[in-house]
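Notes for the one structure printed next.
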Amino acid sequence: MSRVSAFQRLHPRVQQWVYDQGWTALRDAQEQAIGPILDGCDVIVSAATATGKTEAAFLPICTALAERAYPTSGFTLESPTGTDRSSSIDVLCISPLKALIDDQWTRLEQLCGYIDVPVHRWHGDVASSIKQRLRRNPSGVLLMTPESFEATFVNHGPSIRQLFGDLQRVVIDELHSFIGTARGAQLQSLLHRVDVATGRSAPRIGLSATLGDHDLAARFLRPANPGTVRVIVARDETQLNLELRGYTIARTGRTDTSGGAHHDIAQHVYHHLRGGDHLVFVNSRRDVETYSDLLTRRSDADHVVNEFHPHHGSLSREVRHAAETAVKDPSRPATVICTSTLELGVDIGTIQTVAQIGPPASTASLRQRFGRSGRRGDAATLRVYITEPAIEAGTGLVDRLRCHLTQTIATINLVAAGLIEPPADPGFNYSTLVQQTLSMIAARGGATPARLHPTLCGPGPFQDVDPTRYTRLLRCLAKADLIYQAADGLLLPTPKAEKLLRHPSFYAAFQTPEEWRLVTHDTTLGTLPVVRSLIPGDLLLFAGRRWRIRTVDPTRRLVELEPASGGNPPTFDGDIPEVGDHVRQQMPTIYNSNDVPEWLDAAAKILLTEARETWQQLDLPHRSILTTGGHLVILPWVSDTTLFTTALALRQHGLDTSIDGPTLNIDDTTPEQLHHIIQTVLANPPDAHELAALIPNHRVDKWDWVLDEHLGIDADAARRLNLPGTTHVLQQLHAELEATQPRLTGT
DNA sequence: GACCTGCTGCGGGGTG
């Protein structure tokens with residue numbers, strides 16, 4: 001479609017809005033999206049941050065809505081009187097964050113004002129009176145979180161049909177944040193339940209900046225018919241100024257004196273970021289506190305205003321808001337030290353540069369992070385700080401190979417080539433199926449198994465759950481005293497389930513650990529998960545300041561703090577971040593190459609040279625199995641999931657296998673023994689259930705406690721293993737052992 | 001050493 005005709009398909013009132021913005025042309029993605037969205041297709045718009053994705057969806061959507069109220073042609077399928085409105089929500093827009101909803105509400109109210117369509121926001125901070133009014137008189141565009149969507153089903157099941165009876169479009173914002181997660185499975189299930197309730201399915205539009213796999217995204221958006229989804233990919237024209245700085249950590253014995261490198265990095269951040277507006281991403285809340293403290297002390301020592309503000313998920317809304325306000329305020333410079341809390345597109349004004357301390361978690365995360373700077377056509381600026389230990393006699397292989405540095409270069413190379421790694425196939429998620437079963441029973445005031453299974457396990461997140469497995473799951477729910485069957489066959493919630501359903505925490509598909517509140521002078525600074533290690537008198541760094549613990553009140557889960565002069569960063573619980581296949585596969589390429597990226601500083605160049613020397617010394621260009629003493633080290637360059645699965649497959653045959661960074665370590669084994677066992681495994685490939693049975697704890701997600709051992713293994717076989725990847729690794733190792741076994745030597 | 005996200009409804013009474 002040509003430039004002119006795409007714009008001309010917009011309704012005159014929508015065109016007027018475009019003129020009034022002073023836009024001289026539509027952006028690439030906006031132009032491309034108009035036709036398919038107007039034609040009622042399912043559409044995915046993949047375009048970089050700040051390229052007007054929201055408008056790409058809503059210019060055509062508003063056109064479709066305006067045509068009903070103010071037809072420009074004499075012929076319309078809708079109400080001929082023009083002013084009549086359906087008593088239904090017209091457009092449902094699901095967004096992962098309350099802050100994103102608030103941002104979009106402001107923008108969309110303005111646009112939708114031109115066509116007299118109301119825009120409503122609905123999340124936990126919106127007054128219940130407003131929600132009640134909307135439920136009675138539904139209309140226009142509704143911006144909602146998945147959790148509020150869920151609450152509507154649980155508490156107002158019968159009204160779903162009317163609320164969404166004449167739904168025209170569904171928009172999913174930040175689509176990538178839902179793919180492969182429990183929350184995403186919940187959202188898919190709820191959308192399918194709307195379709196079942198209304199007997200029709202509105203076209204769906206997904207918006208994202210960082211989609212790695214368009215087929216996966218299309219399957220998420222329209223599971224029943226992914227082939228029909230139109231994918232619009234805007235050119236990513238972001239220019240990136242890049243620097244990677246290397247730091248060496250001195251070790252004295254087994255004591256890690258990384259404080260030295262921390263100080264050096266903080267010093268560099270202080271000198272280069274003071275006076276501007278910047279974001280510094282770190283990989284843990286603990287690091288946020290450590291660096292905030294170092295930078296505050298540095299500012300105090302120089303008697304200057306502290307421009308550095310902490311931001312992470314355990315800080316109170318007030319503390320976080322103060323940091324966001326500071327960096328948004330154009331009249332004073334501010335830098336925010338944050339975790340992934342500021343990774344998504346919440347409006348925080350213009351950011352000059354982005355720093356990343358430590359290896360980025362993934363290609364998608366890195367792309368999202370540096371996209372926070374360089375908006376409106378300016379080049380983005382990214383500075384990455386990487387530490388590696390000094391090499392001494394006892395330094396291990398992973399450190400000698402400078403794996404943090406190499407992994408970081410690999411991640412940067414992939415993003416620079418426009419390659420974003422898709423999330424691993426999530427399999428199905430029984431935990432969310434338990435939640436959806438309880439939700440549907442609550443919404444309908446009881447349901448039969450014959451009704452539940454086709455509704456919940458149709459095309460979508462639970463399509464692999466056959467009637468046999470689902471019956472087993474229902475038995476588990478009954479055994480856990482959550483449901484019972486009435487004489488007429490209807491499944492009903494027990495009093496125990498009623499209690500869980502009434503608690504607001506039911507609406508989220510994910511689990512949150514129990515947390516204790518940290519207060520000072522009646523001000524809540526934030527929360528800490530299970531503070532068993534905190535006792536009165538202890539010193540603590542929190543919210544960027546230093547405290548002494550005054551009292552700990554276990555019954556109220558309250559920790560009272562008073563200012564102090566020293567402090568230690570707190571320990572948070574956390575999941576292990578997973579490194580993906582693409583990043584790992586890229587690493588040998590970097591070791592084998594002689595190219596030295598110009599964006600490495602002198603210290604990082606030395607680290608890379610050291611890594612390549614080790615690589616060559618160990619003959620790693622030609623082999624991936626090393627013998628050290630009686631142990632074997634294997635370097636397969638695959639994802640953590642595949643490493644985990646391979647370790648299980650070898651353990652199943654009695655090999656003492658552990659994972660260290662990107663390597664597998666096998667104790668007390670010779671290459672001949674390994675060769676023999678790999679032959680055995682390849683001749684009798686393990687089945688996923690056998691391997692999953694070796695995992696000691698199957699309880700990962702929120703409702704896993706309901707499942708019996710059988711379903712727990714079933715769930716882990718689907719979500720935690722990569723069997724094809726493991727078979728490939730074992731075949732490669734087998735080939736290498738066949739060819740090179742005679743020259744396997746010690747290192 | 002190791003992220004993040006979310007969250008009732010309803011009716012009755014009083015006030016401007």
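Relative to the globular-protein estimate of 2.2 N^0.38 Å, the Cα radius of gyration of region A:240-416 stands at 1.04. Phi angles across region A:96-105 convert, under the Karplus curve 6.51 cos²θ - 1.76 cosθ + 1.60 with θ = phi - 60°, into 3J(HN,Hα) values of x, 10, 4, 5, 5, 4, 5, 4, 5, 4 Hz, Gly and Pro given as x.
Summing Cβ point charges (Lys, Arg +1; Asp, Glu -1) relative to the Cα centre of chain A gives a dipole of roughly 1900 debye. From the Kirkwood radius over Cα pairs of chain A, Stokes-Einstein at 25 °C and 0.890 mPa s returns a whole-number translational diffusion coefficient of 86 µm²/s. Antiparallel beta bridges, as assigned by DSSP with both residues in region A:515-563, represent about 85 percent of the total such bridges.
Among the listed pairs A:LYS98/A:LYS496; A:LYS98/A:LYS702; A:LYS98/A:LYS479; A:LYS499/A:LYS702; A:LYS479/A:LYS702; A:LYS98/A:LYS499, which have their C-alpha atoms separated by more than 28 angstrom in this model?
Details: A:LYS98/A:LYS496 30 Å; A:LYS98/A:LYS702 22 Å; A:LYS98/A:LYS479 37 Å; A:LYS499/A:LYS702 16 Å; A:LYS479/A:LYS702 17 Å; A:LYS98/A:LYS499 26 Å.
Violating the 28 Å Cα-Cα cut-off are A:LYS98/A:LYS496; A:LYS98/A:LYS479.
Rounded if a/c is under 1.5, else prolate if a/b is larger than b/c, else oblate: which is region A:515-563, with a ≥ b ≥ c the root eigenvalues of its Cα gyration tensor? Write out the running numbers ahead of the final one.
Numbers: a/c = 1.39, a/b = 1.22, b/c = 1.14.
Note, shape of region A:515-563 comes out rounded.
Which shape class applies to region A:615-677: rounded if a/c is under 1.5, otherwise prolate when a/b exceeds b/c and oblate if not, where a ≥ b ≥ c are the square roots of the Cα gyration tensor eigenvalues? Note, shape of region A:615-677 comes out oblate. Shown in residue order for region A:17-28 are the 3J(HN,Hα) couplings computed by the Karplus curve 6.51 cos²θ - 1.76 cosθ + 1.60 at θ = phi - 60°: 4, 4, 4, 5, 7, x, 6, 8, 7, 7, 6, 3 Hz (x for Gly and Pro).
Rounded to the nearest 500, the 222 nm mean residue ellipticity of chain A from helices alone is -12500 deg cm²/dmol, with -39,500 (n - 2.57) taken per DSSP H run of at least 4 residues.
Helix A:53-69 axis versus longest C-alpha principal axis of chain A: approximately 10°, rounded to the nearest ten. For chain A, the longest principal axis of the alpha carbon atoms and the long axis of helix A:317-328 meet at an angle near 90°.
Counted over chain A, the DSSP beta bridges are approximately 40% antiparallel.
The Kirkwood radius of region A:430-507, taken over pairs of alpha-carbon atoms, gives through the Stokes-Einstein law at 25 °C and 0.890 mPa s a diffusion coefficient of 196 µm² s⁻¹. Angle of helix A:182-198 to the longest C-alpha principal axis of chain A, folded into 0 to 90 degrees and rounded to 10: 20°.
Once backbone amide H atoms are built at 1.01 Å from N, A:ILE483 has A:ALA478, A:THR494 as its partners under 5 Å, excluding neighbours fewer than 5 places away on the same chain. Taking every alpha-carbon pair in region A:589-747 and binning the separations at 10 Å intervals from zero gives 10, 33, 29, 18, 9, 1 percent. Were the residues from A:ARG200 through A:SER658 laid out at 0.36 nm apart, the gain over their Cα-Cα distance would be 159.8 nm. Taking amide H as placed 1.01 Å from N in the peptide plane, the amide H of A:THR353 sits under 5 Å from that of A:LEU279, each at least 5 places away or on another chain.
Largest first, the three principal axis extents of the alpha carbons in region A:3-233 are 46, 44, 32 Å in whole numbers.
Each value in this text was obtained by applying a stated rule to the coordinates, not by laboratory testing. Just so we're clear, the structure is a prediction, and the values are computed from it rather than from any experiment. Note: ideal-geometry Cβ built from the backbone for every residue, glycine included; neighbour counts use all protein chains shown.
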